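Only one structure is covered here, and it is reproduced in the block below.
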Amino acid sequence: MGRIGRHSEWTIMVGFLPVLVGIAVLELLIDPELVKILIDDLASGLGSAARFVRSLIMMSTVVTCYVALCLALLGYFVAGFKRSALPAHGKRALAWAGIACWVAFHAVLAGLSFLDLRLFSIAYDSLVQLYGRAGDPVATAMTGDWLAPGISRHLASILLPATAGVAVVCAGSCHATAIVHDARAEENKAEEAVSRLLHAFMAMSGLLVASMLLLMLSYRLPASLYGTGEAADLRIAEYLAFANVLSIFWGAVFTLTLVAVYAPHALALRSLSGLSLGQILSKGLESGSSVKSWVQKTEVAVSAVAPLLAALTAYVM
């Protein structure tokens, strides 16, 4: 594959580092016995509830909207990639690198799922066990085979949006690499490239915020199984505290992913222009109005931490 204008197509892989770091940290800090105690506590007071069906309908609606958003952003990034000045062989190399990263991510994820890591025990297996202890028909509907052996409705509801989201992250990385190439190929195009990169950055931030909201809803779904009444309200509060902690974890990972995807390209533009990141940001956002420029800079700053901010909203819901 090689390099595209001294900017490697394999910088795409940097975007996946935060997930791997998050897995490693949880594996280091969380003891397996603690996970078992957590699940046993959460399962206390579970029962099949009619309102769980309403929650599933809401979940289906959100997944549908999320996949539609992924398809729209995928089209946006692919269109921008096609319009770039990359030569045909460079576009092919970069596109194949993106596809390879997408496939490799799922292969690594499948491989790690067999290692009994704490992340999977807490973030996925815990929910499976909760659905199983809720009794029928919830247990059969959420944990039984559906699409294929080992693929339940619950797992499919996670894999479908996750696969679409990872595809958008890979496409966004390819698009950002093409932007840097265009800036390098054409003199005095650094400012235009910064503007394009910032728009892509904020679009990706929007995707990761949507990913965070979808995850929050997924983690909060079992709360509807605790029924009603004062005792149930206490159990729901305890479960939501668990769900909120998981949301914060993924909010931090998604925020770091956003930075990891675009930081290499921002640094490449900095090297190309010879300006500081603050200076090229100012030039890329020039609008003739100091107030409008300040608002735009605020939007960029908020976009950088938006996935984490979205996760924090769990505490006010």
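Tabulated results
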quantity	calculated
Neighbour-count order for V253, V169, V295, fewest beta carbons within 10 angstrom listed first	V295, V253, V169
Estimated FRET transfer efficiency (D136, A156; beta-carbon r; R0 25 Å; 0.05)	0.80
Neighbour-count ranking [beta-carbon atoms within 10 angstrom, fewest first] of S113, S195, S173	S113, S195, S173
Selection from A49, A148, M204, by position along the positive dipole direction of the chain (Cβ)	M204
In Hz, Karplus ³J(HN,Hα) per residue of the range 107-116 (6.51, -1.76, 1.60; θ = phi - 60°; x = Gly, Pro)	5, 5, 4, 5, x, 5, 5, 8, 9, 6
Separation in nanometres of the label points that stand 7 Å from Cα toward Cβ, at L71 and A100	3.0
J(HN,Hα) series, the range 216-227, from Karplus relation 6.51 cos²θ - 1.76 cosθ + 1.60, nearest Hz, glycine and proline x	4, 5, 4, 6, 8, 4, x, 4, 6, 8, 8, x
Degrees separating the helix 290-312 axis from the principal Cα axis of the chain, which is the longest one	30
Label-point separation, F114 to V316 (7 Å along Cα→Cβ), nm	4.6
Estimated FRET transfer efficiency (A237, E192; beta-carbon r; R0 51 Å; 0.05)	0.50
Other-chain or far-sequence residues with amide H under 5 Å of S152's (modelled H)	W146
Angle in degrees between helix 230-273 and the longest Cα principal axis of the chain, rounded to the nearest 10	10
Gain upon complete extension [I30, V295; 0.36 nm per residue less C-alpha separation]	91.2 nm
Cβ-placed point charges (K, R +1; D, E -1), dipole of the chain about Cα centre in debye, nearest 20	1040
Label assignment, semi-axes √(5λ) of the Cα gyration tensor in Å derived from the structure, set (1) 40, 21, 17; (2) 41, 27, 17; (3) 27, 24, 20	(1)
Cross-link partners of K36 among aspartates and glutamates (Cα-Cα below 13 Å; sequence separation of 8 or more within a chain)	D116, D125
Karplus-derived 3J(HN,Hα), 6.51/-1.76/1.60, for each residue of the range 82-95, Hz, glycine and proline x	5, 7, 5, 8, 4, x, 4, 5, x, 5, 5, 4, 5, 5
Which of F81, F249, F114 has the fewest Cβ neighbours within 10 Å, and the rest in rising order	F114, F249, F81
Only Lys, Arg (+1) and Asp, Glu (-1) charged, at Cβ; the range 87-222 dipole about Cα centre in debye	100
FRET efficiency, 1/(1 + (r/R0)^6) with R0 45 Å, evaluated for W146 and L267 via beta carbons	0.50
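Every number in this text was worked out from the coordinates using simple rules, so none of it is lab data. Computed from a predicted model, the values in this text were never measured in an experiment. Cβ: placed from backbone, ideal geometry, glycine included. Neighbour counts: every protein chain shown.
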